[in-house]
Amino acid sequence: MMGATVAETAAVATAVRAEPTTGATGRQLADRLRPSAARTRIIGWVLLLVFTALGLVTFVTWRLLIAATDARMQQELRFEMEQFAELTAPGVNPRTGMPFASVDEVIREAIAYNVARPNEKFLGFVDGQYRVQSRPQVDGRATLAGDVDFSQRVGSIAEPARGTYRHPQLGEIVYAAVPVTLTGDPARGVIVAAYLADSERGDADDAARLMLIVGAVTLLGAVGAAWLVAGRILRPLRDITSTARTITETDLSQRIPRRGGDGDELGDLVATVNGMLDRIENGISAQRRFVDDAGHELRTPITIIRGHLDVLDPTDPADVSSTVGLVNDELDRMNRMVSDLLLLAQSEQPAFLHPEAVDVAALTTDTFDKIALLGDRDFAVEAVADIFAVLDPQRITQALVALADNACRYTDSGDRIALGSRVEGGWLRFWITDSGPGVSDEDRPRIFQRFARGGAGSRRSDGAGLGLAIVDAIAVAHGGVVLLDSTPGCGATFSVVVPLVPGSSER
């Protein structure tokens, strides 16, 4: 009711009740040392995303390298077969220049002429029997030449063939075989070019393993970076929690330290929460002042009534009549004060205003007719705004009558009090001006506060000090403001300025 919403006040009160201040320092230290669930989730998601990305990149790269290796092996096999065909087609031994004497010679010369690459093997078969190979195996491992199944598969083919073979020790074998014949020799030979595919793919496997190692190191670095970044991101949230825990019902001065620059979402969150705390503190402070002032103001008439009742002489009719009249006056004053307090409370509710399209000129004239009966003053109309506007005519009238009544309190018989209305820019201004003593510089800062009374020199109002506060509440409810223009000793002008919302001119 006093600058902070009920929800905001309740939120802080709940936090204060739920978390007493005893041992707050120890809890704050423990909170900083204990990993938060949010931080753990952030790190977990970062870990999952980085792990997935690295795994996917490693797998795709490995498959691309394997595919490139397989394509290269196939291309090399085609090239070797073309070289074998070129060598054997003329039927002449390129080393001696003499015609080949046998299929066995053709195979041996062809294999000797071509230099095998690493993981590449050339094998020669005659009539299904192994005869020769390039670069014999010397490291004790199994050889293709000694594999009976492979020899049976390729040793007696009649047409060029390509394929793969799974060797128990050497792994996958990719091969190409071409038959060899020679006129005058009934023997049938086969030249085989074969790649140890698993060994040839070793470079791709090594690259994948290296990527996994680098990825693991990167993953550890990402986890460490995520830990630090998550801590920095979540620090404002921890600050909010720790600050909320330090707030008590008697101390609302703590604020969350601002971290980050303008435009940062968490920085905006901190600024918003600090603004909410400012409103709550201002609201609770105003509420306390309001309760103190209201208690003081209500205590005075109660004290007066009790004092007169204590000395009342029931046997004296004159004393009883005088006391009853005084008690009625004080009760009426208390009733007005309570009514004014209820009105101020209602001013912050959505249903306080009932705006409608109003003829401002007619409203000004009607209001003047009402204030002209407030006292023996020289009432006048200074200006009238000839326009239709959307506002609450009853509340505006209430505010102007209150201002006129206030002017009557501080003026003498015959003094001038004037009413006016005018459109100024995008605003509609109503004012009450008087020729009284004006408002002193000391009273200006607090004159619109609740239970505040102006001194006005030797004069002092006997009201509760809520009239101008009600006027201010009516103006604020319309989205406007109350302005004061006064020079001590030269009168005062109070203006109710509200936004101009043009209304229909149809009656």
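FYI, it's all coordinate maths here, none of it is from the lab. Note that this is a predicted model, so its numbers are computed, not measured. Positions of Cβ are generated from backbone atoms using ideal geometry, with glycine treated the same way; all protein chains shown enter the neighbour counts.
Of all the C-alpha pairs in the stretch 279-429, what % are more than 20 Å from each other? Could the numbers behind the result be given before it?
Working: 7593 of 11325 pairs.
Pairs farther apart than 20 Å: 67 percent.
With Kirkwood's inverse mean 1/r over C-alpha pairs for Rh, give me the Rg to Rh ratio of the stretch 89-200, two decimals please.
Reported Rg/Rh (Cα atoms, Kirkwood Rh): 0.97.
If you count, for each residue, the other Cβ atoms within 10 Å and average over each peptide, how do 392-398, 79-85 line up from highest to lowest?
Numbers: 392-398: 19.0, 79-85: 16.4.
Averaged packing, sorted descending, gives the order 392-398, 79-85.
Once the convex hull of the alpha carbons of the stretch 46-106 is built, what does its volume come to per residue, in cubic angstrom? Kindly include the intermediate steps, with their values, before the conclusion.
Numbers: hull volume 5.2 nm³, N = 61.
Cα convex hull per residue, to the nearest whole number: 85 Å³.
Could the peptides 428-441, 189-202, 475-488 be put in order, highest first, of the mean number of other beta-carbon atoms found within 10 Å of their residues?
Peptide ranking by packing, descending: 189-202, 428-441, 475-488.
Suppose each label sits 7 Å from its Cα in the direction of the beta carbon; what would the Ala89-Val381 distance come out to in nanometres?
Rounded to a tenth, the inter-label distance reads 12.0 nm.
Taking 0.36 nm per residue of separation and subtracting the Cα-Cα distance, what length does fully extending Gln449 through Asp405 add?
Numbers: separation 44, 0.36 × 44 = 15.84 nm, distance 1.75 nm.
Net length gain for the segment: 14.1 nm.
What Rg and what Dmax come out for the stretch 166-207 when only alpha-carbon atoms are used, in angstroms?
In Å, with Rg to one decimal and Dmax whole: 15.7, 52.
Restricting attention to the alpha-carbon atoms of the stretch 350-499, what are Rg (one decimal) and Dmax (integer), both in Å?
Calculated on Cα positions, Rg and Dmax stand at 14.6, 43 Å.
Which value in nm describes the separation of the simple spin-label points at Glu356 and Ile157, placed 7 Å from the Cα toward the beta carbon?
10.4
Rounded to the nearest 0.05, what FRET efficiency is calculated for Leu484 and Leu228 with R0 set to 51 Å and r the Cβ-Cβ distance?
Values: r = 56 Å, r/R0 = 1.10.
That pair, Leu484 with Leu228, gives E of 0.35.
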